[in-house]
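Structure first, commentary second.
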Amino acid sequence: MNGLLAGFRKNRTKIWVGGVTLLLVFYLVVSFQRSLLLLTDSNLTAKAIGAAYLVLPVVGAWALIRELMFGARTEQMAKVLEAEGGLPVDELPRTPGGRIVRAAADAEFEKYRAEAEAAPNDWRSWFRLSCAYDAAGDRKRARASMRDAVKLFTAAS
């Protein structure tokens, strides 16, 4: 039983991603089926709604595949960095609630920003910069930096 619980804790994020993915796939299948029903209706308005509704599963499938590939690449990069000993170490001080102290994260961020500026074509520096943005609470820039890291990693592979 302890092994099962440990396995769940270790793969908790993957389990949640799998669950959300299944729900989204179910939604996309139902949306596609409903759009086909509307397209077969004799009413022109229903056909138009069906055609518009057909776009949802296509866009949803594209977004789902894109995000799953992004996550897989990110995990692949993290494994490479871990094997190289290049993953950033999380030793930042935390508040009693568990949040990273913002001033410490901002100070640590400067180190990784300088590294990325010095090596703009190295995916490793962009990966670490992304982690620093995330620690500083800037999720939008963290994601953009990680996308840059993924592009460089894919080009290097």
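When you look at R99, is it open to solvent by 50 Å² or more (accessible area, probe 1.4 Å) and under 15 Å from the mean Cα position of the chain (by Cα), yes or no? Judged against the criteria, R99 is not a match.
Within segment 138-157, the only residue that satisfies the criterion of being in contact (Cβ under 8 Å) with a residue 40 or more places away in the chain, open to solvent by 50 Å² or more (accessible area, probe 1.4 Å) and either in a loop (DSSP other than H, G, I, E, B) or within 25 Å of E91 (Cα to Cα) (or both) is R147.
Condition check ((1) open to solvent by 40 Å² or more (accessible area, probe 1.4 Å); (2) in a helix (DSSP H, G or I); (3) of a type in the set (G, A, S); (4) under 30 Å from S157 (Cβ atoms)) across all residues:
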residue	(1), (2), (3), (4)
A105	no, yes, yes, no
F109	no, yes, no, yes
R113	yes, yes, no, yes
N121	yes, no, no, yes
L129	no, yes, no, yes
A132	no, yes, yes, yes
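Can you say whether A135 is without any contact (Cβ under 8 Å) to a residue 60 or more places away in the chain and touching a Leu at 6+ places or on another chain (Cβ under 8 Å), as far as the supplied structure shows? Considered against the rule, which asks whether it is without any contact (Cβ under 8 Å) to a residue 60 or more places away in the chain and touching a Leu at 6+ places or on another chain (Cβ under 8 Å), A135 comes out as yes.
The values are calculated or read from the model by the stated rules, or taken from the named source; none is laboratory data. Since the structure is predicted, the reported quantities are computational estimates derived from the model, not experimental observations. As a convention, Cβ positions derive from the backbone with ideal geometry for all residues, glycine included, and neighbour counts pool all protein chains shown. Surface accessibility is based on the protein's heavy atoms, side chains included, excluding ligands, DNA and RNA. Shrake-Rupley method; radii C 1.70, N 1.55, O 1.52, S 1.80 Å.
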